[in-house]
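Below is one structure, written out as structure tokens; the observations come after it.
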Amino acid sequence: MRYKRLPRTFFDRPTVTVAQELLGKTLVFQNHRGRITETEAYIGQDDPACHAARGLTPRTKPMFGPPGFSYIYFIYGMYFCLNIVTEEQGFPAAVLIRGLLHEDGTHYNGPGKLCRALGLTKEQNEIDMITSKELYVLDTPAWTDFDATPRIGIKQGLDKYWRFVVRKEVLQPQKNSVKSLS
DNA sequence: TCAACGATCGTCT
DNA sequence: GACGATCGTTGAT
């Protein structure tokens, strides 16, 4: 089975919808690939936790651009975080990729660890993930069994339940079947 | 120019 | 649970 890459229309939708439906999709960067297990939505200038809340700056410029582009920023002096821009050009919003189940079996929890493992840096900021040959998302089956919680590591916007994480049973589907054999 | 802070993580208590 | 590492971005001077 050969999976197609997600088209721009996938990202040109409400950010919460995109964040939820990205769970289970396959992120590809160079020789790495893994399925997305955890996302967060950051939506517009009315969301106080969104980097774009205080307007357009050099850093947040990608968020104001077309959907389907990467937005990678440097944080805490040592980590990068990967986002994918959503919604129409001019409306600043993006989905933060927080968790990835690598095809080698490693589950990366946390945006900083994920980017470090894959080698994602500012070099990959503002890449068009619809046309790029090194950074894109494949349309593998979605995981629809997930929880919604407040976002992590922020001090404002905690009333919004815009973090989406697949339930851990999804990540160990073989456990029940093993038990039923005995 | 300057100082405070941050969508994190590992280590220590 | 608390804290330090480490530095680019930002808004204020």
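What follows draws every value from the coordinates through simple rules; no lab data is involved. Being a predicted model, the structure only gives us computed values, none of them experimental. A quick note on method: Cβ atoms are made from the backbone with ideal geometry, for glycine too, and the neighbour counts reach across all protein chains shown.
Some values worked out for this structure:
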quantity	calculated
Cα-Cα P(r), the range A:1-93, percent of pairs per 10 Å interval	16, 48, 30, 6, 0
Helical contribution to [θ] at 222 nm, DSSP H n ≥ 4, -39,500 (n - 2.57), averaged over chain A, rounded to 500	-4000 deg cm²/dmol
From phi via Karplus (6.51, -1.76, 1.60), per-residue ³J(HN,Hα) for the range A:72-84 in Hz, x at Gly/Pro	10, 10, 9, 9, 6, x, 8, 10, 10, 10, 9, 10, 10
Cα-centre dipole for chain A with unit charges at Cβ (Lys and Arg positive, Asp and Glu negative), debye to 20	400 debye
Gaussian network model of chain A, Cα within-10 Å springs - most flexible of A:ASN125, A:ASN31, A:ASN109	A:ASN31
Ranked A:LYS155, A:LYS113, criterion: other C-beta atoms within 10 Å, fewest first	A:LYS155, A:LYS113
All lysines inside 24 Å of A:LYS168 as judged from Cα atoms, apart from same-chain residues fewer than 8 positions distant	A:LYS25, A:LYS113, A:LYS160, A:LYS179
Semi-axis lengths, Å, the range A:66-173, gyration tensor of Cα atoms, sqrt of 5 times eigenvalues	21, 19, 16
Per-bin percent of Cα-Cα distances, chain A [5 Å]	1, 9, 17, 22, 22, 15, 7, 3, 2, 1, 0, 0, 0
Residues with amide H under 5 Å from that of A:GLU126, placed H, sequence gap 5 or more	A:SER70, A:TYR71, A:ILE72
